[in-house]
């Protein structure tokens, strides 16, 4: 009886290890592909073939398939047929809509986080801004975007609202991708991007929910000046008119 029990425990241990290894591989593949998409190395419309990716990364197709499913949940890829997966397009219209959702999520999070935040957590936010300055000095927008989203993720995570975290997680990858794509036309000095986070920290240190909400909203909507919003609205009207005509 004892030997049978030991044998069963041994099989269970092996199975758990296999699941962990596979999960780890899928995460590594997802991270590598996500990073390439955010950096713009994998362009919109690029077809992602499971067999080719598996060969390049030295793994089987199963972890690749799981990784692509994760990226699909993030909105970075889309499956158009049973075997064809493509990097999604990124448009100004979609990003404006994502920004509006992001504004709602982050302002609510900021309101709650401002009540609970500790001095040590404020220090952590300042450290992330310092990291942004460091990578700005070598003009690495992908790394700056990573620290930028880490900053905003902390505010959402510290809100103690799980639903906000669930909504925020896929949004942040789209925002990172957008920042990397548009920064040459918008930000002449990357150090300015880092410095734009300081009003949020100041409001957090004061534990002022209203000020924190306003600082976050101002920060998020800074990119969307009147000209860009007008472009979005005009595009939306044209799309609506076309849909009605076709109907």
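The values are calculated or read from the model by the stated rules, or taken from the named source; none is laboratory data. Quick caveat: nothing in here was measured; it's all calculated off a predicted structure. Backbone-built Cβ (ideal geometry, glycine too); neighbour counts: all protein chains shown.
For the reader, a short list of remarks on this structure follows.
- Flag if residue 133 is surrounded by fewer than 17 Cβ atoms within 10 Å (Cβ to Cβ) and either under 21 Å from residue 223 (Cα atoms) or in the same structural domain as residue 36 (by TED's automatic domain parsing) (or both): yes
- Scanning region 211-227 for residues that are in contact with a helix residue (DSSP H, G or I) (Cβ under 8 Å, 6 or more places away or on another chain) and part of a helix (DSSP H, G or I) yields a total of 11.
- Test set (1) in contact (Cβ under 8 Å) with a residue 60 or more places away in the chain; (2) more than 22 Å from residue 98 (Cβ to Cβ); (3) outside any helix (DSSP H, G or I) - residue 203 fails condition number: (3)
- The selection criterion, being out of contact with any helix residue (DSSP H, G or I) (no Cβ under 7 Å at 6 or more places or on another chain) and either within 27 Å of residue 44 (Cα to Cα) or assigned to a helix (DSSP H, G or I) (or both), holds for residue 188.
- Set 167, 193, 138: member being in a loop (DSSP other than H, G, I, E, B) and on the phi < 0 side of the Ramachandran plot: 138
- Take the conditions (1) surrounded by fewer than 16 Cβ atoms within 10 Å (Cβ to Cβ); (2) in a helix (DSSP H, G or I); residue 152 misses just one of them, which is (1).
- Filtering 45, 75, 58, 40 for residues that are on the phi > 0 side of the Ramachandran plot and within 14 Å of the chain's Cα centre (by Cα) leaves a single hit, 75.
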